[in-house]
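Asks: The structure under discussion is supplied below as structure tokens; questions concerning it will follow.
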Amino acid sequence: MKRVFAVFLILGVQQLAIGQALQLTDILDSIERHHPILKMYDAEIQSMDAVSKGARNWMAPEISSGFWMTPYNLNLWKKGNSGSTGMGQYMISAEQMFPNEKYQVASENYQRAVSAAASETKKSWLNELFAQTKENYYAWIIIEKKLLVIDESDRLLELMISNAETRYKNGLGKISAYYKAKAAQGHLAKTKIMLQNDALQKQIALNTLMNRDKLTPFSIDTTYSFADYSSEAFDSSMFYNKRSDLKAIDENIRLNFLNQQLEAESLKPQFGLQFAHMFGFGGLPEQFTLMGTMKIPLAGWSSKQSHANVEGLKWKAISMENQKQVLANEYSGMAYGLRQDMVAKKKQLLLFENSIIPALRRNYQSTLLAYEQNTEELFTLYDAWETLNSSQLEYLDQVQELLNTQVKLEKVLEIK
């Protein structure tokens, strides 16, 4: 089973090497075009826009037909011998209510605003997807860098082991340090398998975000850079203009206001017209009825709910405005905190780059030279190698932490 898993990993790594090379911007653009949740929001927005086109709809006319004030006694339908007319009529009537144009305009504006709020929510989701993509992409870069360190460390270990074998045969070295180096070589092989598997997992995750075959092979550009946000002022007004979720709250506040207008217009009367034509029986002359109708929703017993809705919507708008201020304040604090973390992590990386790793590399080289001149033991050389190897991997861990912090800050700032 272990052999099968190892073969799978090797084939997977080969696929990574021969696959299409994608930069971060290529992946982000692909997600923006193809991710299912974004397509879902596009369809929902189209649905809302389609519904808004019916906002100016008229109520269907009502047509009725039947007997009107007709006696049950059929004999009375006929004309009398004395010349009296019959009784009863057959009626055809039609009624049409005329819409309140201002109510229709308010309804149309409300339904269009619903899609605008959904559009901002879509952008908020896109920001979340971009953050997930960057985390996976940067993690894959660090994996590739670590694999290079592992390969270089394995090469150095192999030289040590080969040299130790020769010395032991000639009675010039101790076997214990040799076995320690062999064990370290095994640990490197184990770490390499783990990293190769992690690289495949990142590939699968990115393919999933791009909504394509999860095993599609591709490689990535392993160059990276750190953004500089030291001159940015993270005040609340900045987030009002940048954050889609805050803009969505603005749209919901506007939606709330339009809903208030809709409720207010619903309190205004509606008018209609009713016409009926009657055919008389037994010589009874034809007659008609023409009546106007009016709905009076502003009466006290029928307007309580609308008045209550208007009042409730007013307080809901105040609540959403406060919610927006709370979120903007939190984002401002998060941005300043993340920027300070970036400053501290950059200083740590400079220490690794300018002091720690160069000193450890020189220590290893001088120890190697002394070992070759038979003035140092293999234990000492192994210790110098181990310290250099672990420090290089620790440096890459620090780089990943800085990149992740940058991703978090760009997510707060909603930067692609």
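Per-residue answers, yes or no, for (1) free of Cβ contacts under 8 Å to residues at least 12 places away in the same chain; (2) within 20 Å of Ala264 (Cα to Cα); (3) among the aliphatic types (A, V, I, L, M):
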residue	(1), (2), (3)
Ala50	yes, no, yes
Ala55	no, yes, yes
Tyr103	no, yes, no
Ser107	no, yes, no
Gln111	no, yes, no
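Rundown of residues vs (1) of a type in the set (D, E, K, R); (2) out of contact with any strand residue (DSSP E or B) (no Cβ under 6 Å at 6 or more places or on another chain); (3) assigned to a helix (DSSP H, G or I), yes/no style:
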| position | (1), (2), (3) |
| --- | --- |
| Asn374 | no, yes, no |
| Ala384 | no, yes, yes |
| Leu393 | no, yes, yes |
| Leu396 | no, yes, yes |
| Glu401 | yes, yes, yes |
| Val407 | no, yes, yes |
| Lys416 | yes, yes, no |
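Asks: In segment 87-104, how many are modelled with pLDDT under 80 and among the β-branched types (Val, Ile, Thr)?
Replies: 0
Asks: Within segment 56-76, identify whether any single residue is hydrophobic (A, V, I, L, M, F, W, C), at pLDDT 85 or above and either in a helix (DSSP H, G or I) or in contact with a Cys (Cβ under 9 Å, 6 or more places away or on another chain) (or both), and answer yes or no.
Replies: yes
Asks: Determine whether Gly171 is more than 30 Å from Thr121 (Cβ to Cβ), at pLDDT below 90 and of a type outside the set (A, V, I, L, M).
Replies: yes
Asks: Looking for something in contact with a helix residue (DSSP H, G or I) (Cβ under 6 Å, 6 or more places away or on another chain) and charged (D, E, K, R) - is there at least one such residue anywhere in segment 108-116?
Replies: Yes; the residues of segment 108-116 include at least one that is in contact with a helix residue (DSSP H, G or I) (Cβ under 6 Å, 6 or more places away or on another chain) and charged (D, E, K, R).
Asks: Could you list, in sequence order, the residues of segment 174-187 that are farther than 17 Å from Leu368 by Cα and at pLDDT below 70?
Replies: Hits for segment 174-187 are Ile175, Ser176.
Asks: Determine which single condition Met238 fails, assuming it passes every other condition in (1) in a helix (DSSP H, G or I); (2) under 24 Å from the mean Cα position of the chain (by Cα); (3) surrounded by 19 or more Cβ atoms within 10 Å (Cβ to Cβ).
Replies: Condition not satisfied by Met238: (3).
Asks: Can you name the number of the only condition in (1) assigned to a helix (DSSP H, G or I); (2) modelled with pLDDT under 90; (3) not aromatic (Phe, Trp, Tyr) that Gly282 fails?
Replies: (1)
Asks: Restricting to segment 201-227, and then to whatever is closer than 12 Å to Ile31 by Cα and not in a helix (DSSP H, G or I), can you tell me which residue is farthest from the chain's Cα centre (by Cα)?
Replies: Arg212
Asks: Out of all the residues in segment 373-405, which are among the charged types (D, E, K, R), touching a residue at least 40 places away in the same chain (Cβ under 8 Å) and more than 24 Å from Gln340 (Cα to Cα)?
Replies: Listed by number, the residues that qualify are Glu377, Glu386.
Asks: Looking at segment 351-362, is at least one residue within 33 Å of the chain's Cα centre (by Cα), farther than 25 Å from Glu251 by Cβ and at pLDDT 90 or above?
Replies: No: zero hits.
Asks: Of all the residues that make up segment 94-131, how many are touching an Asp or Glu at 6+ places or on another chain (Cβ under 8 Å), over 16 Å from Ala43 (Cα atoms) and of a type in the set (Asp, Glu)?
Replies: Here the count works out to 1.
Asks: Quick check: anything in segment 302-324 of a type in the set (Gly, Ala, Ser) and at pLDDT 90 or above?
Replies: Taking every residue of segment 302-324 in turn, none turns out to be of a type in the set (Gly, Ala, Ser) and at pLDDT 90 or above.
Asks: Within segment 50-70, is there a residue that is over 30 Å from Met294 (Cα atoms) and in contact with a Lys or Arg (Cβ under 7 Å, 6 or more places away or on another chain)?
Replies: Checked segment 50-70: no residue is over 30 Å from Met294 (Cα atoms) and in contact with a Lys or Arg (Cβ under 7 Å, 6 or more places away or on another chain).
The values are calculated or read from the model by the stated rules, or taken from the named source; none is laboratory data. Note that the structure is a prediction, hence the values are computed from the model and not measured. In this analysis, Cβ positions are derived from the backbone assuming ideal geometry, glycine residues included, and neighbour counts consider all displayed protein chains.
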